Amino acid sequence: MTLEKRGPWSITSRREVYDNRWIRVTHHEVIIPTGGTGVYGTVHYKNWAVGIVPVDDEGHTFLVGQYRFPLEAYSWEIPEGGGTIGVEPRESAIRELKEETGLEARHWHQLLRSDLSNSVSDERATAFLAWGLTRGAAEPDPTEQLALRRVPLSEAFRMVAAGEIQDALSILSLQAVQLLHLQGKLPVTCA
């Protein structure tokens, strides 16, 4: 039996159980770090996640609302989507912001990079603060039914604290903006 080592884990076999244009799911038979045997399922994402906290000159941000099929629930989130691996995340963020909100930004600041669910997936995210906004027409993906909501940043922070925003990338990004604000380092006005 040939073993593939992955840190303290050994993989004795693997089998792809599902594959589409967005994800691949793999079943692994493993020897766990303590010596026993087990199974491990992993999800490989074929795109990076990108998120944007757009802030206008009055200190408002824009939230996108949509029904999330896996959760069977409606969700308010920052504008976000998939970025092609190999393309700079900021380029994908520029595209996603325009698609979902119709907004374009003159200024961009990377807020964070994050592993979104590292116990079962390799999904990575990059989030940005965008300002110097101009409005245009949104161009959503044909599979999306989006609602757009303009709120003061303080309201978005409150929504996170109250559990009204539950999307991980949205929470992380809005908390990063709030921290910049509290440190006096936010390059835009915060309402």
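A short reminder: the numbers here are calculations on the coordinates, not readings from a lab. Keep in mind it's a predicted model, so treat the numbers as computed, not measured. With ideal geometry, Cβ positions are generated from the backbone for all residues, glycine too; neighbour counts draw on all protein chains shown.
Size of the dipole of the chain about the Cα centre, Lys and Arg at +1 and Asp and Glu at -1 on the beta carbon, nothing else charged, in debye to 20?
Working: 19 positive and 25 negative charges, 100 e Å.
The calculation lands at about 480 debye.
Which of N118, N47, N20 moves the most in a Gaussian network model of the chain with Cα springs under 10 Å?
Ranking N118, N47, N20 by mean-square fluctuation puts N20 first.
Note the full-extension length gain between S13 and Q175 as 0.36 nm times their separation in residues minus their Cα-Cα distance, in nm to one decimal.
Values: separation 162, 0.36 × 162 = 58.32 nm, distance 4.08 nm.
Taking 0.36 nm per residue and subtracting the Cα distance, the gain is 54.2 nm.
Show the residues, 5+ positions off or on another chain, whose built amide H is closer than 5 Å to the amide H of L186.
Counting only residues 5 or more places away or on other chains, the set is H181.
Tell me, how many Å apart are the Cα centres for region 11-50 and for region 80-139?
27
So what is the 222 nm mean residue ellipticity for the chain from helices alone, if each DSSP H run of at least 4 adds -39500 (n - 2.57) and you divide by all residues, rounding to the nearest 500 deg cm²/dmol? The partial results should precede the final answer.
Values: 3 runs with 37 residues, N = 191.
About -6000 deg cm²/dmol.
Can you bin the chain into rounded, prolate or oblate? Criterion: square roots of the alpha carbon gyration tensor eigenvalues sorted a ≥ b ≥ c, rounded for a/c under 1.5, prolate for a/b above b/c, oblate for the rest. Each step should come with its number before you reach the end.
Numbers: a/c = 2.36, a/b = 2.00, b/c = 1.18.
Prolate.
Sorted from fewest to most neighbouring beta carbons within 10 Å, what does the list L112, L172 look like?
On the way: L112 15, L172 20.
Fewest-to-most Cβ neighbours within 10 Å comes out as L112, L172.
Could you give the dipole magnitude of region 80-158 about its Cα centre, charging the beta-carbon of Lys and Arg +1 and that of Asp and Glu -1, in debye to the nearest 20? Walk me through the numbers before you get to the answer.
Details: 10 positive and 14 negative charges, 90 e Å.
Roughly 440 debye for region 80-158.
Once Lys and Arg get +1 and Asp and Glu get -1 on their Cβ, which of T84, L111, A168 lies farthest toward the positive end of the dipole of region 81-191?
L111
Run down the aspartates and glutamates and flag those whose C-alpha is under 17 Å from the C-alpha of K46, throwing out any fewer than 8 positions away in its chain.
E16, D19, E80, E88, E91, E96, D115, D122, E123
At a threshold of 8 angstrom on Cα-Cα distance, excluding pairs fewer than six apart, so keeping six or more, what relative contact order does region 47-182 reach in percent? Don't jump to the answer; show the numbers that get you there.
Numbers: 277 pairs, mean separation 44.2, N = 136.
Reported relative contact order: 33 percent.
Express in nm, to one decimal, how much length is gained between T189 and T143 on full extension, taking 0.36 nm for each residue of separation and deducting their alpha carbon distance. Intermediate results must be reported in sequence, preceding the final value.
On the way: separation 46, 0.36 × 46 = 16.56 nm, distance 3.43 nm.
Using 0.36 nm per residue and subtracting the Cα-Cα distance, I get 13.1 nm.
Hey, rough spin-label estimate for E58 and T42, points 7 angstrom out along Cα→Cβ, what's it come to in nanometres?
Calculated label separation equals 4.8 nm.
Could you tell me which chymotrypsin sites (Phe, Trp or Tyr not before Pro) in region 45-127 are loop residues by DSSP with no more than 12 other beta carbons within 10 angstrom of their beta carbon?
Details: sites: Y45, W48, F62, Y67, Y74, W76, W108; in loops: none.
When the chymotrypsin sites (Phe, Trp or Tyr not before Pro) of region 45-127 are filtered for loop state and at most 12 Cβ neighbours within 10 Å, nothing remains.
With springs connecting C-alpha atoms under 10 Å apart, model the chain as a Gaussian network and identify which of G86, G36, G51 has the largest mean-square fluctuation.
G36
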